[in-house]
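A.B. asks: Sending over a structure as structure tokens; questions will come in a sec.
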Amino acid sequence: MHELEHEEALEAEFEITNLDPQKKSSPALNSWLQGQRLSFWTRLCMTIFTILGVALFSWHLLSPLHLTGASHLDKASHGAIFTPSHQAPSGYLQLLVVQKVIYLIDQNGLVKAIWTRHKYVYLLWQHSVAPSSRFLRVDHQVIYLAAPDGRLIALRASDGAVLWIKRGT
């Protein structure tokens, strides 16, 4: 008797019914979802546009054009300075970056401390020294410069004030 129950259980039929209503969608979406292959020219155009998009994005990401605002300071003023990137550089000789402050010295001996935030450039201070002077180092909030005549100049990094000048021997 036990064997008879087992055979009945194996022979029982089941019907699975989907109770969700069928959704109607566009033929284009159905063909896309069903995996219909795209034509050779469609795939080729998609590949070319993808490669061009990646190349354009990489060029924009690595281009120095959006980083040139810091080297084009024309007028001394406090606050935001908008400087278009199409201006010609004015011949800076040296640049130092220390703790998010950029120190620039140009060929005429004008030392500038600037700070950039997003697309704005802020001039913190500027000070004139001898033309063709050069940065030696920045240490303990003091900027050390060497003038072409042998003098050593120390400027306070926070406001550009002269701390001392030593004559060369």
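A.B. asks: Cβ under 15 Å from GLN141's Cβ, GLN141 left aside: what net charge do those residues give with Lys, Arg +1 and Asp, Glu -1? All intermediate terms of the calculation are to be shown ahead of the outcome.
C.D. replies: Working: positive: LYS100, ARG137, ARG156; negative: ASP139, ASP159.
After counting each charged neighbour, the total is +1.
A.B. asks: Then there's this: Under 5 Å between amide H atoms, partner at least 5 residues away or on a different chain: which partners does ALA157 have, H built in plane at 1.01 Å?
C.D. replies: VAL142, ILE143
A.B. asks: For a protection proxy built on the mean count of beta-carbon atoms within 10 angstrom, sort 143-150, 53-60 highest first, please. Mind dumping the intermediate values first?
C.D. replies: Numbers: 143-150: 15.9, 53-60: 10.0.
Order by mean packing, descending: 143-150, 53-60.
A.B. asks: For the stretch 151-163, in order, what is each residue's ³J(HN,Hα) by Karplus, 6.51 cos²θ - 1.76 cosθ + 1.60 with θ = phi - 60°, in whole Hz (x at glycine and Pro)?
C.D. replies: 6, 10, 10, 10, 10, 6, 5, 6, 9, x, 5, 6, 8
A.B. asks: In nm, to one decimal, how far is the SER58 label point from the VAL142 one, both placed 7 Å along Cα→Cβ?
C.D. replies: 4.8 nm
A.B. asks: For a quick check: with amide H placed at 1.01 Å from N, whose amide H comes under 5 Å from VAL129's, ignoring anything fewer than 5 positions away on the same chain?
C.D. replies: The answer is LEU110, VAL111.
A.B. asks: Right, another one. Near GLY168, within a Cβ-to-Cβ distance under 11 Å, what is the net charge of the other residues, with Lys and Arg +1 and Asp and Glu -1?
C.D. replies: Values: positive: ARG151, LYS166, ARG167; negative: ASP149.
Local charge sum for GLY168: +2.
A.B. asks: What does the accessible area of THR42 come to, in Å² to the nearest 10, when a probe of 1.4 Å is used?
C.D. replies: Looks like 60 Å² after rounding.
A.B. asks: If you don't mind, there's one more thing I want to ask. Between LEU136 and residues 5 or more places away or on another chain, which pairs have amide H atoms under 5 Å apart, with H built 1.01 Å from N, and which residues are they?
C.D. replies: Placed amide hydrogens put TYR144, LEU145, ALA146 under 5 Å from LEU136.
A.B. asks: Given a Förster distance of 22 angstrom, what is the FRET efficiency for ARG156 paired with LEU95, based on the Cβ-Cβ distance and rounded to 0.05?
C.D. replies: Details: r = 19 Å, r/R0 = 0.87.
With a Förster radius of 22 Å, E is 0.70.
The values are calculated or read from the model by the stated rules, or taken from the named source; none is laboratory data. In this text the structure is predicted, and so the values were computed from the model without any measurement. Methodologically, a virtual Cβ is constructed for each residue, glycine included, from the backbone with ideal geometry; neighbour enumeration extends over all protein chains shown. Calculation scope for accessible area: heavy atoms of the full protein, side chains included, ligands and nucleic acids excluded. Shrake-Rupley method; radii C 1.70, N 1.55, O 1.52, S 1.80 Å.
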